[in-house]
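Here the structure is laid out as structure tokens; the discussion comes afterwards.
The values are calculated or read from the model by the stated rules, or taken from the named source; none is laboratory data. Worth saying up front: this structure is predicted, and the values here are computed from it rather than measured. Here Cβ is always computed from backbone atoms with ideal geometry, including for glycine, and neighbour counts include all displayed protein chains.
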Amino acid sequence: MAETTVNVSTQNTKRVNPQVENFKTMWRKLKTNRVAMAGGILILFFMIISVIGPWFTSYDPLLPDISSRLQGPSAEHWFGTDHHGRDIFTRIIHGMSITLYIGFVSVAIGMVIGVFIGIIAGYYGKRTDAVLMRIMDVFLAFPGILLALGIVAVLGGSINNVIIAIAVFSIPVFARIVRGSTLSVKNLEYIDAVRALGASDARIIFRHILPNILSPIIVQATLRVATAVLTATGLSFLGLGAQPPTPEWGAMLAAGRNYMWEHPHIALFPGLAIVAVVLAFNLFGDGVRDALDPKIKS
Amino acid sequence: MTTELLKVSNLKQYFPIKGGILGRKINDVKAVDDVSFYVNAGETLSIVGESGCGKSTTGRAILRLDEPTSGEISFNGKDLLALNKREMRKMRKDLQIIFQDPYASINPRQTVRQVLNEAMEIQNVLPKEKREDRMMELMETVGLGAHQLDRFPHEFSGGQRQRIGIARALSVDPKLIICDESVSALDVSIQAQVLNLLKKLQRELDLTYLFIAHDLGVVRHISDRVIVMYLGKIVEIADKKSLFDNPKHPYTKTLLSAIPVPDPTKKKDQIILKGDVPSPIDPPTGCRFHTRCPFATDKCKEEIPELRTSEINMAAGHQAACHYIEEIESGEMTPNY
């Protein structure tokens, strides 16, 4: 009996890594947030679909079939067919990977560059900060979609150019947040301590500042994916992104516009798909933000 | 034989105040204004003064954590301010700092092992294989156990964390350690432990301390010599005994009279100053203490007193910056409270 008690107490004093611990606390809070968990599960579900989904569809997403055009939803064509007779359900499943690819890659690029600019501006301050942040302000002054529109108009419409456009307008958002966090961390005594030890700027920035400002970056990245998806589909809708016959949701929405009154299902289902993805990322992002906020106790 | 390890000459640290839409410089906060002193190898020199008198700023300027506005800092004969970034990084091996707040001075995401290893890695003090033994030795030296190496800062108490801070400073074998209010955040009992540890280390490792504090009891315990600062300037320098037994500057006298006496029957003749410390943005002309000094005259308002040793009753090396050391001493001038 006595032995078991001892065992329990030694287990309780096990080494804990604060990074792992922070993640655990966050996860604990996140788990209790049902709405956020629903968003998270949806995201996971969408990701799985985007990888394995295409094998489970029985039609070709690109091949026209004139004989079955403009059919409404049925057991054969769950979401109906479009004006070329292609199965809309199949096209939405195939479009999932495009949408998520654009969302993740553009945000990743924007994040890496934005974090770098923000941390440099915040750490070096003074003139470096003023110059970098004024440039970021110029980008921020454009409404996001307008800036993306301009970039795609110049570069030409393609999925990769959409990614570049979205990445560019994500940069200033990350730069701002990271600069602020850097400012608050760089004056802490432990930064002075490593500086007094003779650490180089690169070491201070990447080993000491960056790990301590990850939380706001993670939150922003999650929320940003939703904006990226919305912008990407928006660009495609305007004919500046993915080009037909690519099964991109925005492009499908645009095609369905002409049949809005007679065959609303052509525009409806891609629209619902966009809503679902954007909503999932927003809900999950909000949940992560609340979970990482130490002021909100679960 | 005493050798000068650190010599600070005419150190000035002004922080610009910017304002207006163009961010022009409007004025300066004169945090440290023309301060000169030296520290002998192996001694403990304390800097005392109330909040905002520039004592911490002096320490930070010596380490170039903030670049000083002007002045000269010579360490072991080398001018620190003339070194470029790379040379300064190398030089930092010899000058270390122990901070005030043990909760803020260690990266919460690093284990003690990572903290110490990083310090040695930066300064390349030992080959990788030998660091492990050195880390264990350091832990023992500061009174922690080698088994605590893999713990994170949040698993330690304040006093233990301060020991980690000391171990980190020691890991690069420094010659001079600046203790910036290093014990003021600790409980009194822990303060004594840490102070005694610092003293022991000084004896064993031949360290030199520049000890920045506001607690006169602590200063009395650890120092060899003491500097008293007021509003960015040195008002008095003396060896510990002279300063505590025979203070010459009115400000030092006031400061010492504030030390509580552990005797309830004894009536305290505490000197209470009028008003607040003036702003270091527009410090008073002449003697900076004249606005609050009970002995101030018109001369004090105009002429800046230099640090000097009076012939009457002052030991060698004891200097005070007051025009009227002799007059106050002889009772010729009476305080005007």
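Is it true that A:ILE205 is within 14 Å of another protein chain (Cβ to nearest Cβ), modelled with pLDDT of 90 or more and closer than 30 Å to B:LYS93 by Cβ?
It is true that A:ILE205 is within 14 Å of another protein chain (Cβ to nearest Cβ), modelled with pLDDT of 90 or more and closer than 30 Å to B:LYS93 by Cβ.
Do we have any residue at all in segment A:49-57 that's in contact with a Leu (Cβ under 8 Å, 6 or more places away or on another chain) and either aromatic (Phe, Trp, Tyr) or under 24 Å from A:LEU235 (Cα atoms) (or both)? Steps first, please.
As a first pass, look at segment A:49-57 and keep what is in contact with a Leu (Cβ under 8 Å, 6 or more places away or on another chain): A:50.
From the residues that got through so far, the ones that are either aromatic (Phe, Trp, Tyr) or under 24 Å from A:LEU235 (Cα atoms) (or both) too are A:50.
Among the residues of segment A:49-57, at least one is in contact with a Leu (Cβ under 8 Å, 6 or more places away or on another chain) and either aromatic (Phe, Trp, Tyr) or under 24 Å from A:LEU235 (Cα atoms) (or both), which makes the answer yes.
Taking segment B:69-104 on its own, how many of its residues are touching a helix residue (DSSP H, G or I) at 6+ places or on another chain (Cβ under 7 Å), without any contact (Cβ under 8 Å) to a residue 40 or more places away in the chain and either on the phi > 0 side of the Ramachandran plot or more than 9 Å from chain A (Cβ to nearest Cβ) (or both)?
2
Hey, among A:PRO73, A:PRO54, which residue is modelled with pLDDT of 80 or more, surrounded by 14 or more Cβ atoms within 10 Å (Cβ to Cβ) and not in a helix (DSSP H, G or I)? Full working, then the answer.
Numbers: A:PRO54 fails: not in a helix (DSSP H, G or I).
Matching residue, one of A:PRO73, A:PRO54: A:PRO73.
Which one is surrounded by the fewest Cβ atoms within 10 Å (Cβ to Cβ) among residues in segment A:1-47 that are among the basic types (Lys, Arg) and modelled with pLDDT under 80?
Selected residue: A:LYS14.
Can you find a residue in segment B:257-279 that is outside any loop (DSSP other than H, G, I, E, B) and either within 23 Å of B:VAL29 (Cβ to Cβ) or outside the structural domain of B:ILE47 (by TED's automatic domain parsing) (or both)? Walk me through it before giving the result.
Step one: list which residues in segment B:257-279 are outside any loop (DSSP other than H, G, I, E, B), which gives B:257.
Those left that are additionally either within 23 Å of B:VAL29 (Cβ to Cβ) or outside the structural domain of B:ILE47 (by TED's automatic domain parsing) (or both): B:257.
Within segment B:257-279, one or more residues are outside any loop (DSSP other than H, G, I, E, B) and either within 23 Å of B:VAL29 (Cβ to Cβ) or outside the structural domain of B:ILE47 (by TED's automatic domain parsing) (or both).
So, in segment A:154-183, of the ones that are under 12 Å from A:TYR123 (Cβ atoms) and among the β-branched types (Val, Ile, Thr), which residue ends up nearest to the other protein chains (Cβ to nearest Cβ)?
If we take residues in segment A:154-183 being under 12 Å from A:TYR123 (Cβ atoms) and among the β-branched types (Val, Ile, Thr), then A:THR182 is nearest to the other protein chains (Cβ to nearest Cβ).
Among the candidates B:LEU65, B:LEU5, which residue alone is at pLDDT below 90 and away from chain A (no Cβ under 11 Å)?
Every option except B:LEU5 fails the conditions.
Which members of segment A:187-199 meet the condition of being outside any helix (DSSP H, G or I), facing chain B (nearest Cβ under 7 Å) and within 34 Å of the chain's Cα centre (by Cα)?
A:LEU188
Please return the ranges of helices (runs of 4 or more DSSP H) entirely within segment B:39-155 where 2 or more residues are over 22 Å from the mean Cα position of the chain (by Cα) and within 25 Å of A:HIS208 (Cα to Cα).
Working: elements: B:55-62, B:85-91, B:112-123, B:128-141.
Fully inside segment B:39-155 and qualifying: B:85-91, B:112-123, B:128-141.
Within segment A:39-48, can one find any residue that is farther than 30 Å from A:PRO172 by Cα and not hydroxyl-bearing (Ser, Thr, Tyr)?
For segment A:39-48, residues farther than 30 Å from A:PRO172 by Cα and not hydroxyl-bearing (Ser, Thr, Tyr): present.
For segment B:239-266, how many residues meet the condition of being under 24 Å from B:MET333 (Cα atoms) and either without any contact (Cβ under 8 Å) to a residue 12 or more places away in the chain or not charged (D, E, K, R) (or both)?
15
In segment B:70-87, how many residues are among the acidic types (Asp, Glu) and within 15 Å of B:PHE37 (Cα to Cα)?
Residues in segment B:70-87 being among the acidic types (Asp, Glu) and within 15 Å of B:PHE37 (Cα to Cα): 2 in total.
In this structure, is B:GLU121 surrounded by fewer than 20 Cβ atoms within 10 Å (Cβ to Cβ), closer than 22 Å to A:VAL185 by Cα, within 14 Å of chain A (Cβ to nearest Cβ) and not β-branched (Val, Ile, Thr)?
On the way: surrounded by fewer than 20 Cβ atoms within 10 Å (Cβ to Cβ): yes; closer than 22 Å to A:VAL185 by Cα: no; within 14 Å of chain A (Cβ to nearest Cβ): yes; not β-branched (Val, Ile, Thr): yes.
For B:GLU121, the condition - surrounded by fewer than 20 Cβ atoms within 10 Å (Cβ to Cβ), closer than 22 Å to A:VAL185 by Cα, within 14 Å of chain A (Cβ to nearest Cβ) and not β-branched (Val, Ile, Thr) - is not met.
Name the single residue, out of those in segment B:289-337 being of a type in the set (D, E, K, R) and not in a helix (DSSP H, G or I), that is surrounded by the fewest Cβ atoms within 10 Å (Cβ to Cβ). Let's see the steps before the verdict.
The first filter runs over segment B:289-337 and keeps only residues of a type in the set (D, E, K, R), leaving B:292, B:298-299, B:301-303, B:306, B:308, B:311, B:326-327, B:329, B:332.
Filter once more, keeping what is not in a helix (DSSP H, G or I): B:292, B:303, B:306, B:308, B:311, B:332.
Working: B:ARG292: 18, B:GLU303: 12, B:GLU306: 10, B:ARG308: 13, B:GLU311: 7, B:GLU332: 9.
Filtering segment B:289-337 for residues that are of a type in the set (D, E, K, R) and not in a helix (DSSP H, G or I), the one surrounded by the fewest Cβ atoms within 10 Å (Cβ to Cβ) comes out as B:GLU311.
Answer yes or no as to whether B:GLY286 is loosely packed, with under 13 Cβ neighbours inside 10 Å and at positive phi.
So B:GLY286 fails the test.
Does B:LYS274 satisfy the condition of being closer than 30 Å to B:PRO16 by Cβ and loosely packed, with under 14 Cβ neighbours inside 10 Å?
no
Is it the case that segment B:229-243 has a residue that's assigned by TED's automatic domain parsing to the domain that holds B:ALA41, surrounded by fewer than 16 Cβ atoms within 10 Å (Cβ to Cβ) and more than 19 Å from B:ALA296 (Cα to Cα)?
Checked against the condition, which is being assigned by TED's automatic domain parsing to the domain that holds B:ALA41, surrounded by fewer than 16 Cβ atoms within 10 Å (Cβ to Cβ) and more than 19 Å from B:ALA296 (Cα to Cα), segment B:229-243 yields at least one hit.
One line per residue, one yes/no per condition, for (1) over 30 Å from A:VAL20 (Cβ atoms); (2) touching a residue at least 24 places away in the same chain (Cβ under 8 Å); (3) touching a helix residue (DSSP H, G or I) at 6+ places or on another chain (Cβ under 6 Å); (4) more than 14 Å from chain B (Cβ to nearest Cβ):
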site: A:VAL185; (1), (2), (3), (4): no, yes, yes, no
site: A:VAL225; (1), (2), (3), (4): no, yes, yes, yes
site: A:VAL229; (1), (2), (3), (4): yes, yes, yes, yes
site: A:GLY239; (1), (2), (3), (4): yes, yes, no, yes
site: A:PRO247; (1), (2), (3), (4): yes, yes, yes, yes
site: A:LEU253; (1), (2), (3), (4): yes, no, yes, yes
site: A:HIS265; (1), (2), (3), (4): yes, yes, no, yes
site: A:PHE284; (1), (2), (3), (4): no, yes, yes, yes
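Answer yes if at least one residue in segment A:42-58 is under 20 Å from the mean Cα position of the chain (by Cα), farther than 16 Å from A:ALA280 by Cβ and β-branched (Val, Ile, Thr), and no otherwise.
Yes, some residue in segment A:42-58 is under 20 Å from the mean Cα position of the chain (by Cα), farther than 16 Å from A:ALA280 by Cβ and β-branched (Val, Ile, Thr).
Sort out which residues of segment A:212-250 are crowded, with 18+ Cβ neighbours inside 10 Å, among the aliphatic types (A, V, I, L, M) and not in a helix (DSSP H, G or I), and write them in order of number.
A:LEU240, A:ALA242
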